[in-house]
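Undergrad: The structure is given below, and queries will be raised subsequently.
All of the numbers you see were taken from the coordinates with simple rules; none came from a lab. Values in this document were obtained by computation on a predicted structure and should not be read as measured data. Virtual Cβ from ideal backbone geometry, glycine too; neighbours counted across all protein chains shown.
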Amino acid sequence: MKMTFRWYGSGRDSITLKQIKQIPGMSGLMGVLDHKAAGEVWTEEEIRAYMDEVHEAGLECEVIESVNVHEDIKMGLPSRDRYIENYRITIRNLAKYGVKVIIYNFMPVFDWLRTDLARVIPEDGSNSLYFDEADLGDMGPMEIVRSTIENSNGFSLPGWEPERLAELETVLERYKTITPDDLRENYRYFLEGIIPVCEECGVVMACHPDDPAWPVFGLPRIAHSQEDYDKIVKLYDSPCNTLCLCTGSLGSDPDNDIPAMIRHFGQMKRIGAMHVRNVKHLGYHKFREAAHLSSAGDLDLYEIMKAVHDTCPDTYIRPDHGRMIWDEVGRPGYGLYDRALGAVYLSGLWEAIEKTSAR
Ligand SMILES: [Mn+2]
């Protein structure tokens, strides 16, 4: 298991590489080029600049996140071939700089969705990301995107790039005629275009689940259950076609048994990377993100780490979102303190599991 941290790059993150390096047990980053729009080529120069900085800080970067799939690919438009070719170039460029895993998603329009980015947790006064479907009320997709951008403390949020807003209405209209099966066929076409390149250059694709783990605004969503992922791994049978098992996203649905899912896909060697965090269920389609500790939420982090240990011990993990604690100001979900606490807690569980299972 390699413990990693998400970092948005100099000037785009409230956290420094030095701070990340000082978290015990941290091997490196799950990196991202935050300024790249979906469909654009990630150039060698841009990747090199990011990597040089990371390596200079004594950290690795073998995992890259959010190489976003252009909406035209998901909608199956004729223009998709151009964007798939760009994606192939990006894969090759990333491989040249030591990237082994690329995390992405195939969610229409919304990367993730919350109704409150700073919901105060009454017990201790910290705050975290929160979702209550009832709060959506009459809010349409355009309004939720606007309010999300307004409440992000001036930081960009993954998947909510302002430049995507302009075309949102057209895109939403188009999706009305796309069924989940159509979306899966478009997904297959995408995988057929890119997985051979991954096999050639030793890169694994890891698909991040829908967040929350159910359909929103009537859009087709195809990655939020074990059944869904069984279909995805079959779309293109290759060790390079894997999932990024995000415990918090999948865990927003109490019906998803996370340790069982890790064992299922871990044994198949189809877990390329993991995001590990806890979630507190508050009712039907209502939850908040919780501290990592098992007792703080509804997921059993010991059972989760044990399943990783038993079936996919070489995977990359990062503490996913954290709460905002100790008056920290930063990008919602991506502060330093709570994620650092989470990383060290997970490393502690890992040490205990390793030592007890070696006996
Ligand atoms: Mn995640």
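Undergrad: What does the charge count near His275 come to, summing +1 for each Lys or Arg and -1 for each Asp or Glu among other residues with Cβ under 15 Å from its Cβ? Provide the component values of the computation, followed by the final result.
TA: Working: positive: Lys2, Arg6, Arg277, Arg318, Arg339; negative: Glu65, Asp111, Asp210, Asp211, Glu289, Asp320, Asp338.
For residues surrounding His275, the net value is -2.
Undergrad: Going by C-beta contacts inside 10 Å, put Thr179, Thr247 in order with the fewest on the left. Can you show the working numbers first?
TA: Numbers: Thr179 11, Thr247 26.
In order of increasing Cβ crowding within 10 Å: Thr179, Thr247.
Undergrad: Let me ask something else about it. Expressed as a rounded percentage, what relative contact order does the chain have, with Cα pairs under 8 Å and six or more residues apart?
TA: Numbers: 684 pairs, mean separation 65.6, N = 359.
Rounded, it is 18 percent for the chain.
Undergrad: DSSP loop (so not H, G, I, E, B), at most 14 other Cβ within 10 Å: list which chymotrypsin sites (Phe, Trp or Tyr not before Pro) in region 262-359 pass both filters.
TA: On the way: sites: Phe265, Tyr284, Phe287, Tyr302, Tyr316, Trp326, Tyr334, Tyr337, Tyr345, Trp350; in loops: Tyr284, Trp326, Tyr334.
Answer by residue number: Tyr284, Trp326.
Undergrad: Using a 4.7 Å Cβ cut-off, which Cys residues in the chain lack a partner cysteine?
TA: Cysteines of the chain left without a disulfide-compatible partner: Cys61, Cys201, Cys207, Cys244, Cys246, Cys312.
Undergrad: From the square roots a ≥ b ≥ c of the eigenvalues of the alpha-carbon gyration tensor of region 1-125, which class results: rounded (a/c under 1.5), prolate (a/b over b/c), or oblate? Spell out each step's value before the answer.
TA: On the way: a/c = 2.36, a/b = 1.20, b/c = 1.97.
Oblate is the answer for region 1-125, as a/c is 1.5 or above yet b/c matches or exceeds a/b.
Undergrad: Can you bin region 2-358 into rounded, prolate or oblate? Criterion: square roots of the alpha carbon gyration tensor eigenvalues sorted a ≥ b ≥ c, rounded for a/c under 1.5, prolate for a/b above b/c, oblate for the rest. Please list the in-between numbers first.
TA: Values: a/c = 1.26, a/b = 1.10, b/c = 1.14.
Cα axes put region 2-358 in the rounded bin.
Undergrad: Counting only helical runs of four or more DSSP H residues, what would the 222 nm mean residue ellipticity of the chain come to if each run contributes -39,500 (n - 2.57) and the total is spread over all its residues? Walk me through the intermediate numbers first.
TA: Working: 14 runs with 146 residues, N = 359.
Counting only the DSSP helices, I get -12000 deg cm²/dmol.
Undergrad: Next question, about the same structure. Take every Cα pair under 8 Å in region 203-242 that's 6+ residues apart, average their separations, divide by the length, and report that relative contact order as a whole percent. Could you put the intermediate results ahead of the total?
TA: Values: 30 pairs, mean separation 19.9, N = 40.
With pairs under 8 Å counted, the relative contact order is 50 percent.
Undergrad: Subtracting the Cα-Cα distance from 0.36 nm times the residue separation, let me have the gained length for Glu200 to Thr16 in nm, one decimal.
TA: On the way: separation 184, 0.36 × 184 = 66.24 nm, distance 3.44 nm.
Gain on extension, Glu200 to Thr16, equals 62.8 nm.
Undergrad: Could you tell me what percent of the DSSP beta bridges with both partners in the chain are antiparallel, to the nearest 5?
TA: Values: 12 of 39 bridges.
About 30 percent, rounded to the nearest 5.
Undergrad: Quick one: order Val276, Val171 by neighbouring beta-carbon count within 10 Å, fewest to most. Numbers along the way, then the final one.
TA: Numbers: Val276 27, Val171 18.
Final ranking by Cβ density, sparse to dense: Val171, Val276.
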